[in-house]
1. Let's test the formula: R0 of 51 Å, r as the Cβ-Cβ distance of residue 76 and residue 526. What FRET efficiency results, to the nearest 0.05?
2. Among the trypsin sites (Lys or Arg not before Pro) in the stretch 16-94, which ones are in a DSSP loop with at most 16 other Cβ atoms within 10 Å of the Cβ? Mind listing them?
3. Given the Cα-Cα distance of residue 204 and residue 394 and 0.36 nm per residue of separation, how much length would full extension add, in nm?
4. In whole Å, how far is the Cα centre of the stretch 302-327 from that of the stretch 24-67?
5. List the extent of the Cα atoms of the stretch 13-149 along each of their three principal axes, largest first, rounded to whole Å.
6. Helix 78-96 versus the longest principal axis of the chain: what angle, 0 to 90°, nearest 10, using Cα atoms?
7. Can you give me the relative contact order of the chain as a percent, contacts being Cα pairs under 8 Å and 6 or more apart?
8. Assuming a ≥ b ≥ c are the square roots of the Cα gyration tensor eigenvalues, decide whether the stretch 504-554 counts as rounded (a/c under 1.5), prolate (otherwise, with a/b larger than b/c) or oblate.
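The values are calculated or read from the model by the stated rules, or taken from the named source; none is laboratory data. Note that the structure is a prediction, hence the values are computed from the model and not measured. Here the Cβ positions follow ideal geometry from the backbone for every residue, glycine too, while neighbour counts run over all protein chains shown. Only protein heavy atoms, including side chains, enter the accessible area calculation; ligands, DNA and RNA are left aside. Shrake-Rupley method; radii C 1.70, N 1.55, O 1.52, S 1.80 Å.
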Amino acid sequence: MSDAIKHECGISLIRLLKPLEYYKEKYGTAFYGVNKMYLMMEKQHNRGQDGAGFASIKINMEPGERYMSRVRSVQSQPIQDIFDQINDRINTALQKHPEYADDVALQKKNIPYIGELLLGHVRYGTFGKNSIENVHPFLRQNNWMHRNLIVAGNFNMTNVNELFGNLVELGQHPKEMADTVTVMEKIGHFLDDAVAKLYKQIKKEGYNKREASPLIADRLNVAKILGKAAKNWDGGYAMTGLLGHGDAFVLRDPSGIRPTYYYKDDEVVVVASERPAIQTVFNVKYEEVKELDPGHAIIIKKNGGVSLKQILEPRERRACSFERIYFSRGSDKEIYQERKELGKLLFPQILTAIDSDIKNSVFSYIPNTAETSFFGLVKEAQNYLNNKKEEQILSIGAKITKEELHKILDVRPRIEKVAIKDAKLRTFITQDSSRDDLVAHVYDISYGSVKENDNLVIIDDSIVRGTTLKKSILRILDRLLPKKIVVVSSAPQIRYPDCYGIDMAKLEDFIAFKAALQLHEDRGTMDAVHAIYKKCLSQVTSKDKDVVNYVKEFYAPFSAIEISEKIGELLSPKGVKAEVQIIYQTIENLHLACPKNLGDWYFTGNYPTPGGNKVVNRAFINFYEGKNQRAY
């Protein structure tokens, strides 16, 4: 992706269902869970490289024995760093106490991180904050084992202010107005309440305080706690939690915005953001990894019992389509096919752009995630040429000569690796003119891959801001002297901000928004822009459910093609000799390629939750008033 976007987080939960001695005997180590968690986090490092965290809980520990451990890092390689720390602790303990080596009970009692319940998290610092305090998992501690809560999630809430206010009304004093803290305290409040009520009930039954503890663990209704806590959440989320005594849960939002997958056998339960991570790490088939339904939670009790519970009423499924285009691992069986289909469906537009002149056109891609859609595009080009060849051969018939046949068969799509992304270059010079020259060299080219006056077709996952295209890619591609450069986006035009965990919060950053604004200026319709601002302003105090997305009116006067043409003008750098054309995927073709993931609010403005409309209107107000700040 030429425009780097910080986005969602990744979660991993592992519950070992057998005693640790079982894994020592079968797999040669009691650290089986820790090793698997390392692999799960590494296989999801695409979802976050700014920070990583790990937590574990040991089940059935005696009072005075440590049963919770947590380690977090914001180092340049955070996953490697936290497991270096874990390994150091383990190896130090084993060196000091050789007697631990073959005694699993002593290892569990004395060495941290070795537990039956493990939680991992990787993150991007989407708000520009990347201190250790912002790294998951978050910990809410209490001397009552059942009231200890560890939370990590892949989420963003649109109504943090409302949730914060609810906590204050309950008499709490949250330490900050962040969605992670707010969500954790919300769950914690109802957890505390449930534990207190159970204790009173069990005490009435004649049990003493010590006897009450295991009964509380057994009777605690995690689904009921989640139902109360999540009642007013507005956002996209896969929320993971561990309770101190050994219960665990993962809750998915009612629209299914954020992905959640799970696998269970008689040895392990594992939940993650990425299906192929589970498949690879645990060597299981695609069909064995299930998707958690929207509004549902997978709940794992201390005794190993696993259940799927509906926590919230599911809404229309609006799973994020951007996951399929870019964010998720391309090794997923469905996503791999969908990305190829996205490339295939773009071919008719490309054929028009190059006047059907495949012979004098070179096809390539922006490294590296656009590679799969490129395969789909090339395959469709091959199919097109095969049909043409068939027509030509049949029209000539049996009198065709060997030379004529070879001339027809030798026409193939010209496929080249034109663009090469170099290692990150440090733009340490502050003057704009000097910085632009450095930025221009972030990409390099394969010299000789394009002939002078060829068409050059190059595909990317998406074109969000277009900055890298304008300052680097188009300038460097123009050195190959093509007649025309056709830049193709496998995603439609990104027109609206995200508020569910992807770092696209400001309208004025989007090249599609800039193009539409320029069209308004060109056509003298800026009074319509002002009217939209007034409509947005009129809804500031409205309840979320009553808010209308008036920003749709900003784009309504223009066709997608008109906006794409204007984008081409805006992104064409001065001095570039080649004609530049920008082609975007259509919304209709996106839905054809990704039929299960119809969450397309970035492209259509059709937000899956009421809070989305409020966010987009606030983003427009910020733009109009010149406020360079987020809308949520």
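1. Working: r = 46 Å, r/R0 = 0.90.
With R0 = 51 Å, the Cβ-Cβ based efficiency is 0.65.
2. 66
3. Working: separation 190, 0.36 × 190 = 68.40 nm, distance 9.09 nm.
So the chain would gain 59.3 nm between residue 204 and residue 394.
4. 23 Å
5. 46, 33, 29
6. 30 degrees
7. Values: 1244 pairs, mean separation 86.2, N = 632.
RCO, the chain: 14 percent.
8. Values: a/c = 3.06, a/b = 1.56, b/c = 1.95.
Oblate, since a/c reaches 1.5 and b/c is not below a/b.
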